[in-house]
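Remarks on the structure that follows.
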């Protein structure tokens, strides 16, 4: 068990826990765009910076990304000191210049009182903050259908060769977890289009409600040993079926007892 | 696992008190949340079946989760969803053959029965004791 302080409060954590996990557990709001519990932290967005110091550092302190910094005994963490706030404001200032139309960045800016950017605004700036959360989640789920391509100004998230990705199954985890909702997909009655590839969605055999894509269901069925028939009925109809099946059993015992 | 959740549809009257109890026991933003238990018409006269998660041994939801967000709590025996790890791929919702992993559109999250951490509120409120949380006899107890 490791003991250290966050904003003067003594806290305990397990060996190997990251600072941000403990900070969030203590109910302290530290902003972060690229962090997700399911994947390894990458420290891409730099917003979770905190100030750390130790008794023996004689008043010196340093700034670290809390999502990547493992807890240490005797650490003194400050999450909202004037210096940290100023640092976060600068980062938000840069984000605001690069992504002027992103509602998430605007929300963050208003939270930290950054009213306008001091840098030159990028005219055709999109909403992708290059945090790489989508690529990390995609890789963690075992698909690796997308990655960052290019470098510098041209860096972007795309499937290999910017063609329709063959490894993608259309699970939408990338789009659902994008902090700025930049990843777009379109859905119609029986298909779903993402990353330039169109997927067939499964429809419930009883009520017609669309569920996940056929590719994703087949992938799960094959790799996780789940009968494909489970995916062919929606959750509402599954519950009704369960009630009907159990109802038959109960009715049969009633008849036997009568 | 010293207790188990027992559903007895024979005495269920379909009053939906369990549904209310569940919604109030899992609130969201100060409002009742999505219920994890639904009494559904069993297809015969005066027969209702409270359908909720059966906490399967070889659960399809756990197998379908590609990020290991669904894990069994060794104390209560319930399969619990770690919402911070969930990536919203909807695999568990589609995979559950009993339809008991649910999407809550109100909070944009997947929810499922967690036995209220070892004290199911629905069992407390069930007026006919169609739902109960009873100790397992030592001879019935499953190892682990």
Original post:
Taking the stretch A:147-171 as the search range and keeping residues that are in a loop (DSSP other than H, G, I, E, B) and away from chain B (no Cβ under 14 Å), which one is surrounded by the fewest Cβ atoms within 10 Å (Cβ to Cβ)?
Top reply: A:151
Subject >> Candidate set: the stretch A:114-137, residues that are in contact (Cβ under 8 Å) with a residue 40 or more places away in the chain and under 15 Å from residue A:47 (Cα atoms); chosen: the one surrounded by the fewest Cβ atoms within 10 Å (Cβ to Cβ) >> reply: A:130
Original post:
Is it the case that residue A:111 is touching a residue at least 12 places away in the same chain (Cβ under 8 Å) and loosely packed, with under 12 Cβ neighbours inside 10 Å?
Top reply: no
Subject >> Residue check, residue B:97 free of Cβ contacts under 8 Å to residues at least 24 places away in the same chain and either more than 12 Å from every other protein chain (Cβ to nearest Cβ) or under 30 Å from residue A:172 (Cβ atoms) (or both) >> reply: no
Original post:
Quick check, is residue A:140 without any contact (Cβ under 8 Å) to a residue 12 or more places away in the chain and either outside the structural domain of residue A:103 (by TED's automatic domain parsing) or on the phi > 0 side of the Ramachandran plot (or both)?
Top reply: no
Original post:
Would the stretch B:15-28 turn up any residue that is closer than 19 Å to residue B:103 by Cβ and at pLDDT below 90?
Top reply: yes
**OP:** Go through (1) closer than 17 Å to residue A:23 by Cα; (2) out of contact with any helix residue (DSSP H, G or I) (no Cβ under 6 Å at 6 or more places or on another chain) one by one and return the number of the condition residue A:46 breaks.
**Re:** (2)
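How many residues does the stretch A:35-79 contain that are more than 14 Å from chain B (Cβ to nearest Cβ) and within 25 Å of residue A:132 (Cα to Cα)?
19
The values are calculated or read from the model by the stated rules, or taken from the named source; none is laboratory data. In this text, all values refer to a predicted model and were calculated from it rather than measured experimentally. Cβ coordinates were reconstructed from backbone atoms using ideal geometry, including for glycine residues, and neighbour counts include every protein chain displayed.
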